[in-house]
1. Considering every residue within region 11-28, establish whether at least one is β-branched (Val, Ile, Thr), open to solvent by less than 50 Å² (accessible area, probe 1.4 Å) and in contact with a Ser or Thr (Cβ under 9 Å, 6 or more places away or on another chain).
2. Within region 55-84, can you find the residues that are within 21 Å of VAL36 (Cα to Cα), aliphatic (A, V, I, L, M) and touching a strand residue (DSSP E or B) at 6+ places or on another chain (Cβ under 6 Å)?
3. Out of the residues in region 61-73 meeting the condition of being over 16 Å from ARG90 (Cα atoms) and of a type outside the set (Gly, Ala, Ser), tell me which one is nearest to the chain's Cα centre (by Cα).
4. For region 31-41, state whether one or more residues are assigned to a helix (DSSP H, G or I), free of Cβ contacts under 8 Å to residues at least 24 places away in the same chain, of a type outside the set (Ser, Thr, Tyr) and closer than 22 Å to GLN99 by Cα.
5. Which condition does HIS58 not pass, out of (1) more than 25 Å from GLU98 (Cα to Cα); (2) within 19 Å of the chain's Cα centre (by Cα); (3) in a loop (DSSP other than H, G, I, E, B), if it passes all the others?
6. Collect the residues in region 32-63 that are among the aliphatic types (A, V, I, L, M), open to solvent by 30 Å² or more (accessible area, probe 1.4 Å) and under 22 Å from VAL85 (Cα atoms), keeping them in residue-number order.
7. When you go through (1) outside any helix (DSSP H, G or I); (2) within 23 Å of GLU108 (Cβ to Cβ) one by one for LEU26, which number turns out not to apply?
8. Yes or no: ASN49 within 30 Å of ALA12 (Cα to Cα), modelled with pLDDT of 95 or more and not acidic (Asp, Glu)?
Amino acid sequence: MAAMIKIDKCVAKPTEFNVIKITSALGDEVQKAFKVANKLDEKLDRPSNTWKAIFQYHGLIWTDIWGFEFIANYGKENQCRRQPVSLNDRIVEDRNSEQFLIPNELFERYFM
């Protein structure tokens, strides 16, 4: 019996989106910001400085235990779990501010 699978062609429309490239300089900046936020939060009942840093760095976080990670759509209904981040990965933000972490190899294959 022949398979009833149908494969269509797809052409993407030109679209504009924001991209944040993960660099070692960005990693150093995020690490410093989170160490300062953690120190300020020690005196507080809630980690409000850490929350501010997560928003400021578009979901990028640093912890001494897990290192550099990303939380897509932080603080929104569709917030994702933590994802590990590698050098040269990209955070893509669409026009609705939804975020996606794209590995470097895939980004270069499809967008460059």
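1. There is at least one residue in region 11-28 that is β-branched (Val, Ile, Thr), open to solvent by less than 50 Å² (accessible area, probe 1.4 Å) and in contact with a Ser or Thr (Cβ under 9 Å, 6 or more places away or on another chain).
2. Answer for region 55-84, where residues must be within 21 Å of VAL36 (Cα to Cα), aliphatic (A, V, I, L, M) and touching a strand residue (DSSP E or B) at 6+ places or on another chain (Cβ under 6 Å): LEU60, ILE61, ILE71.
3. Of everything passing the filter in region 61-73, TRP62 is nearest to the chain's Cα centre (by Cα).
4. no
5. (1)
6. VAL36
7. (1)
8. Against the criterion (within 30 Å of ALA12 (Cα to Cα), modelled with pLDDT of 95 or more and not acidic (Asp, Glu)), ASN49 does not qualify.
The values are calculated or read from the model by the stated rules, or taken from the named source; none is laboratory data. Fair warning: this is a prediction, and the values are worked out from it, not measured in the lab. Glycine gets a Cβ as well: all are built from the backbone with ideal geometry, and neighbour counts include every protein chain shown. Side chains included, ligands, DNA and RNA excluded: accessible areas come from the protein's heavy atoms. Shrake-Rupley method; radii C 1.70, N 1.55, O 1.52, S 1.80 Å.
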